[in-house]
Amino acid sequence: MLPDTEMLFDAGRLIQWALQPRVHPVTKVEYQQLLDRYRDQMPFRERVQAICAGLGIEISAVGPMGIVLTATDDSIFAMTLTDYRRSGSADDRLIDGLILVAILATLYPHAQDLEEDTQVARPPIRVEDVEKTLRTLCEQLEVESQRQPDPSVQDLAVGLVEAWQAYRDRVATKTSSNGRAATGTTIQMIQRAFEMLERQACVTVVVRDGKKWYRPTWKYQVMVREASVVRLAEMVRKLVASEEK
């Protein structure tokens, strides 16, 4: 290979490693070597960044655990609604979005928590903790809706009104005729969200007394810190906090 061609090949290899959510440099020698080159060699770094830009990928962070890549909305790598749920009603999709925001608000109950050292392990949470956050949110929004019957423009813009009403009307848990947990309940939908986050290496599972707890990863904290969803999570935090006073 020509020198520049070889460098481009290596840049592509680094991006390939970074696109695998469960792979870390500490276990892959090549990934670690390419990561070191990215940090130390400006020409190599520029080529990696150029390829990422062409693919519609943003480099959100570079650290000991690897590179965090975030797809732009028009990138082929961007997750779509059908990637998360291939079928389901409009209410299902609204609830899915509300659950993902509530998971963030439950993992990081204070806005400043997202700014803490990413190497410090956060306390894990359970599915039931997110359910509690959302039921408290629904109760508080019900009170707010009685005080102010007409939803604010801001709430309508983010779809919060429709989402909380759909969640409020959905049962938390139900057993099917075969004794298994029924699909479509809020507990099952929260569990589904955590499973998706686990596949993307955004949370790790901790088992205590036979029950699953979920702890956010460095990747998750980096990805959500600059995302617009943080503003929605702060709204959820404030509403929940006002109910607890």
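The values are calculated or read from the model by the stated rules, or taken from the named source; none is laboratory data. Because the structure is a prediction, the values reported are computed rather than measured. Positions of Cβ are backbone-derived with ideal geometry, glycine not excepted, and every protein chain shown enters the neighbour counts.
Here is a list of conditions, (1) over 30 Å from LYS132 (Cβ atoms); (2) surrounded by fewer than 15 Cβ atoms within 10 Å (Cβ to Cβ); (3) modelled with pLDDT under 90, and GLN41 meets all of them except one; can you say which number that is?
Going through the list (1) over 30 Å from LYS132 (Cβ atoms); (2) surrounded by fewer than 15 Cβ atoms within 10 Å (Cβ to Cβ); (3) modelled with pLDDT under 90, GLN41 breaks only (3).
Could you tell me whether any residue of the stretch 50-61 is under 30 Å from ARG168 (Cβ atoms) and part of a loop (DSSP other than H, G, I, E, B)?
Going residue by residue through the stretch 50-61, those that are under 30 Å from ARG168 (Cβ atoms) are none.
Among the residues of the stretch 50-61, not one is under 30 Å from ARG168 (Cβ atoms) and part of a loop (DSSP other than H, G, I, E, B), which makes the answer no.
Please indicate, with yes or no, whether at least one residue in the stretch 65-88 is crowded, with 19+ Cβ neighbours inside 10 Å, modelled with pLDDT of 85 or more and on the phi > 0 side of the Ramachandran plot.
yes
Do the conditions hold for ALA111, that is, is it surrounded by fewer than 16 Cβ atoms within 10 Å (Cβ to Cβ), hydrophobic (A, V, I, L, M, F, W, C) and either free of Cβ contacts under 8 Å to residues at least 40 places away in the same chain or touching a helix residue (DSSP H, G or I) at 6+ places or on another chain (Cβ under 9 Å) (or both)? Steps first, answer last, please.
Numbers: surrounded by fewer than 16 Cβ atoms within 10 Å (Cβ to Cβ): yes; hydrophobic (A, V, I, L, M, F, W, C): yes; either free of Cβ contacts under 8 Å to residues at least 40 places away in the same chain or touching a helix residue (DSSP H, G or I) at 6+ places or on another chain (Cβ under 9 Å) (or both): yes.
Yes.
Please count how many residues of the stretch 148-178 are at pLDDT 75 or above and either among the aromatic types (Phe, Trp, Tyr) or assigned to a helix (DSSP H, G or I) (or both).
Quick first cut of the stretch 148-178, residues at pLDDT 75 or above only: 162-173.
The next check asks that each one be either among the aromatic types (Phe, Trp, Tyr) or assigned to a helix (DSSP H, G or I) (or both); those that pass are 162-168.
Total meeting the criteria: 7.
Given the structure, is LEU114 within 15 Å of the chain's Cα centre (by Cα) and not in a helix (DSSP H, G or I)? So that I can check it myself, show each step before the final result.
On the way: within 15 Å of the chain's Cα centre (by Cα): yes; not in a helix (DSSP H, G or I): no.
Here the answer is no, as LEU114 does not meet what is asked.
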